[in-house]
Amino acid sequence: MRYLLLIAFIVLNSFYSPVSSNSQGSPLPVSPNSFSDPVTMISEGETLLKEGDLVVRLNNDPVSRYIKNFSRQDKSYSHAGIVLFENGIPYIYHIVNGEENPGEKLRKDLLSSYCAPRKNRAFGIFRYDMNDKEIKKLKEVITGWYAKGIQFETAFNLKTDDKMYCSEMVMKALVKATRKRILIETVKPTAAEAGVLSVHLRLPFAYTNSIRVVPIDNLYLNPSCHMIKEYNFKPNK
């Protein structure tokens, strides 16, 4: 029954998806792909990464299709992580649950794993306008959470920091790193979304109808963020 409600919500939203746009209401710019081979796309993407970059992706599973519908302007992506370098190697720090991450702890993956073509449809690289001091603080905050083993937040509760979901982690890390200079807006779920959340998470409707969530598109449709490049493994024909 929970799965059927989830699918019904996805189908309903597919008919009422707004046109992609940035925060000023103009079309979101898209960088054309130079290559059609996903492996080459990922290799090229690796050369573009800088510390502090935001990397978003669109996963193939039904739950990801549900999550992306919280985005109000651009529903291109369903998951997010931050790039941090270790010994010259870029890793994507992100937090996810389910089959991909049974331990449900904040983890770090190479771009090739994070954006694996067999599990994902697309990914994008975006960059925040941060100075060196802010990026250093961002790294300190996220690696500190990683060392603590911060786990996935199944209740979508923004009021606590002991558990987080992916976009919540990015939002809170930016707040700490920039001393609230970069703020990410949250949204309130619609009644339909709150109903599906209530069933899917087994939480009271009164709770899911009162929370606010951090949509993926608000992470990059932000005045302090700009696109580096977007890649689509399965372009529309």
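The values are calculated or read from the model by the stated rules, or taken from the named source; none is laboratory data. These numbers were taken from a predicted model, which means no experiment stands behind them. Note: ideal-geometry Cβ built from the backbone for every residue, glycine included; neighbour counts use all protein chains shown. The accessibility values were calculated without ligands, DNA or RNA, using every heavy atom of the protein model including side chains. Shrake-Rupley method; radii C 1.70, N 1.55, O 1.52, S 1.80 Å.
Some notes on this structure:
- Residue that is farthest from ASP132 (Cα to Cα), among those in region 61-98 that are aliphatic (A, V, I, L, M) and within 11 Å of the chain's Cα centre (by Cα): ILE67
- Positions within region 192-229 being among the charged types (D, E, K, R), surrounded by fewer than 21 Cβ atoms within 10 Å (Cβ to Cβ) and in contact (Cβ under 8 Å) with a residue 60 or more places away in the chain, in sequence order: GLU193, LYS229
- Residue within region 140-154 that is touching a residue at least 40 places away in the same chain (Cβ under 8 Å) and in a strand (DSSP E or B) present: yes
- Residue count, region 52-110 (criterion: surrounded by fewer than 16 Cβ atoms within 10 Å (Cβ to Cβ) and over 22 Å from ARG121 (Cβ atoms)): 7
- Taking every residue in region 114-132 that is among the hydrophobic types (A, V, I, L, M, F, W, C) and pairing it with any residue that is open to solvent by 50 Å² or more (accessible area, probe 1.4 Å) and assigned to a strand (DSSP E or B), at least 6 positions away or on another chain, the pairs with Cβ-Cβ distances below 7 Å are ALA122/ASN232; PHE126/HIS226.
- Selected residue (only one of GLU168, GLU193 is closer than 17 Å to GLY144 by Cα and among the acidic types (Asp, Glu)): GLU168
- Of all residues making up region 111-137, the number that are open to solvent by less than 30 Å² (accessible area, probe 1.4 Å) and out of contact with any helix residue (DSSP H, G or I) (no Cβ under 8 Å at 6 or more places or on another chain): 4
- Only one of VAL83, VAL141 that is in contact with a Pro (Cβ under 6 Å, 6 or more places away or on another chain) and at pLDDT 95 or above: VAL83
- Taken as a whole, region 21-36 holds at least one residue that is open to solvent by 30 Å² or more (accessible area, probe 1.4 Å) and at pLDDT 65 or above.
- Any chance VAL141 is open to solvent by less than 80 Å² (accessible area, probe 1.4 Å) and within 14 Å of the chain's Cα centre (by Cα): no
- Residue, farthest from PHE70 (Cα to Cα), within region 157-180, restricted to residues that are more than 14 Å from the chain's Cα centre (by Cα) and part of a loop (DSSP other than H, G, I, E, B): ARG179
- Any hit, region 157-176, residues being touching a strand residue (DSSP E or B) at 6+ places or on another chain (Cβ under 7 Å), open to solvent by 60 Å² or more (accessible area, probe 1.4 Å) and in contact (Cβ under 8 Å) with a residue 60 or more places away in the chain: no
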